[in-house]
Structures are given as structure tokens and as C-alpha cells.
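Here the structure comes first, spelled out in C-alpha cells, and everything after it is commentary.
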Amino acid sequence: MTPLLHPYDVTREEKIREPLDFADRAGLKDLDRCFRSEIVGIVPLTGHEKLFHVRISDAAERERFAFHPGQFVMVELPGFGEVPISIAGTGPDNSYIELCIRNAGNVTAMLHRAAPGAVIGLRGPFGSWYPIEKMKGESIIFIAGGLGIAPLRAPLAKVAASRADFGRVHVLYGAADPSQLLFDYQYDQWRRVDDVTLDIIVEQGAPGWTGRTGMVTDLLENPDLPLARSYAIVCGPPVMFKYVCARLSAKGMAMDRMFVSLERRMHCGMGKCCRCNVGSTYVCMDGPVFDFWTVMNLKESI
């Protein structure tokens, strides 16, 4: 049986810092390999988002593929291009990976027109990840805005898999309106099976909506949240970070205990194209996950 490869830390992969010889595919690192893959399932979530179940076609390559929560893959649609997508989870026995994709551009629009059986390519995984092991023994607060709940499913699943190793787990989730809430079929599992406290808020209510309305920062006013003694994982629109993290800081949480995932126009995943750099920092390699203290010292990162 082919041994499992450890998830990559691209900051330590010296090979990718050298010019790539695309005529010698066998000599390239797996980071640059394009895994031939197949869409095996599609779950409509909202009018703009779908959850794709993607399986690497070759059984040996599928077994070798591994990732850390927070990393992303480059999804290639032949003839149209590539897009970076965070890994939202895995299927039973890692039989496929889950990618939540919003229809927001040429490549993603074509993916939304695809059907099960469509062949695509995957490169990666790339980037840094959430330091879940470091958080053991502590409480964790997951804070998501909009599509940001998708990348948080993977670290939440990792925490749930060893639930006794952590303290209290809270998920604070905000969306524009009830129709934009993602993964509503999992809410009961998170609450009942995984022992997670889930609080949801929408900016604008709708007929039949009985939940809270307001901003996700309003959920931080809950006096039961152990903010000063927890870690926070925050994912959503970049403009949300400074408001959420400022509120966390005001309530006693250290900035190096807050972790955010930066969005940038990543194109290669290996620091070659320079599209995602912030100063001397490359989001695709040094990130996308950073502690908020680092983000505050990256000029124009948010």
C-alpha cells in the first residue's frame, strides 16, 4: 500500500523555489501536479453557492492526498483557467473532498454548469492552516460571515473528531439574509452530536424568520462566551476582520489567539505569479491563515 504523504508546508518546499521544468512532469513536486479528478456529486446550497464532491481519479493519488484544515486547492477547468478554493471537508473515508464554490466569475460560472461526471483538475493542497493542535485544552470560537462558514467546516470537523480534547466550542455565524445561510442541514448535528453552541444572525430578516437580526459582531455580546480564555477562528469578507477582531481584543482576547484567512487573487499557489503578495508576504505560501497580530503588521492586508 502506498504510504500516506504528510500535508505540505510550502514554506519548506525548496523545489518550488526553483524554475519549473514543465517538460519533466515526473520530476516535479506533487505540489505542482495536477490531479485528474471527477465531480461525483453536487449539492445546491443557495442561488449562488453549490457544494461539489470531487474525487481524485487515480486510487493511489487519492490515498496520498492529505491536507490541513485551512489549506486550499487550485481547481482547474480545462480551457477556462484555475481558481483557488478552500477545502470545506471530506467524504466518508476521505473518498472525496468537498469544495463550496460561489458563482462569481468565468471559471466558477462554468463549474456551476457542470454535472456529476465532469472531469476537472486539482493542484495542491497549498498554504498554511489553523493550528488546531495548539488549541487543545482550550475553548474555541468559530466566527463566520457569509461564505466564510465553508472553510470553517474542516477545522470544526477536526475539533469534533476529538471533541474531548477541547473546552467549549461556539460557532457564531452571520449572513445577509436567511436565504444566504449555508449548510443548514448540519446545524442539528453540530448542536446535538458535536456539542457545539451555534448562534446565527442575519442582517435582514424575511417572512417566517424568527431568529436574530443584526451583525455578527452583535453575537459577541453574549456574556457566556469565554472570550478572554479562548482561541478564535474568523473567516469571511476581509472587511469583517477588523470589526470582529477589534471587538474580541476589547473583550480581552490576545491578537495572537485570533486566526483569520485572507482572501487574495491567488493564481499559482506557489508564490511564482506575485498576484497575492502583500509587501514581501505571499498569501498563497505564508497564508492564507495568519494570526491577527501578523495581519495588523501587513500593510493594506485588509
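Just so it is clear, none of the values below were taken in a lab; they were calculated from the coordinates. Note that this is a predicted model, so its numbers are computed, not measured. Positions of Cβ are backbone-derived with ideal geometry, glycine not excepted, and every protein chain shown enters the neighbour counts.
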Notebook entry, point to check: By counting other Cβ atoms within 10 Å of each Cβ, how are Cys100, Cys235, Cys34 ranked from fewest to most?
Noted result: Cys34, Cys100, Cys235
Note to self: With θ taken as phi - 60° and the coefficients 6.51, -1.76 and 1.60, list the Karplus ³J(HN,Hα) couplings across the range 152-165 in order, rounded to whole Hz; mark glycine and proline as x.
What the structure shows: 7, 5, 5, x, 5, 5, 5, 5, 5, 5, 10, 4, 5, 7
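So how much slack lies between Asp93 and Arg229, counting 0.36 nm per residue of separation and subtracting their Cα-Cα distance, in nm?
Working: separation 136, 0.36 × 136 = 48.96 nm, distance 3.43 nm.
Extending this stretch completely gives an extra 45.5 nm.
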Item checked: J(HN,Hα) series, the range 109-116, from Karplus relation 6.51 cos²θ - 1.76 cosθ + 1.60, nearest Hz, glycine and proline x -> 5, 5, 4, 5, 8, 6, 10, x
Check: In Å, what Rg and Dmax follow from the Cα atoms of the range 133-296?
Finding: 16.1, 50
Next item on the list: Could you pull out every residue, at least 5 positions away or on a different chain, whose amide H is within less than 5 Å of the one on Gly236? Hs are placed 1.01 Å off N in the peptide plane, and Pro or chain starts have none.
Entry: Gly145, Ser261
Notebook entry, point to check: Say each of Glu221 and Ala109 gets a label point 7 Å from the Cα, pointing the same way as Cα to Cβ; how far apart are those two points in nm?
Noted result: 4.2
Notebook entry, point to check: Order of Asp184, Asp194 from fewest to most other C-beta atoms within 10 Å?
Noted result: Asp184, Asp194
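Please give the contour-minus-distance gain from Ala246 to Met296: 0.36 nm per residue of separation, less the Cα-Cα distance, rounded to one decimal in nm. Show your work: numbers first, answer last.
On the way: separation 50, 0.36 × 50 = 18.00 nm, distance 1.08 nm.
Fully extending the segment from Ala246 to Met296 adds 16.9 nm.
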Note to self: Per residue of the range 218-224, what does 6.51 cos²θ - 1.76 cosθ + 1.60 with θ = phi - 60° give for ³J(HN,Hα)? Whole Hz please, x for Gly and Pro, Karplus curve as stated.
What the structure shows: 5, 5, 6, 7, 5, x, 7
Check: Which cross-chain or sequence-distant (5 or more) residues have an amide H under 5 Å from the amide H of Thr213, H modelled 1.01 Å from N in plane?
Finding: Val202
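List the trypsin sites (Lys or Arg not before Pro) within the range 38-123 that DSSP assigns to loop and that have no more than 10 neighbouring Cβ atoms inside 10 Å. Kindly include the intermediate steps, with their values, before the conclusion.
Values: sites: Lys50, Arg55, Arg62, Arg64, Arg102, Arg113, Arg123; in loops: Arg113.
Within the range 38-123, the qualifying trypsin sites (Lys or Arg not before Pro) (loop, at most 10 other Cβ atoms within 10 Å) are Arg113.
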Margin query: I need Trp129, Trp209, Trp190 ordered by Cβ neighbour count within 10 Å, fewest first.
Written below: Trp209, Trp190, Trp129
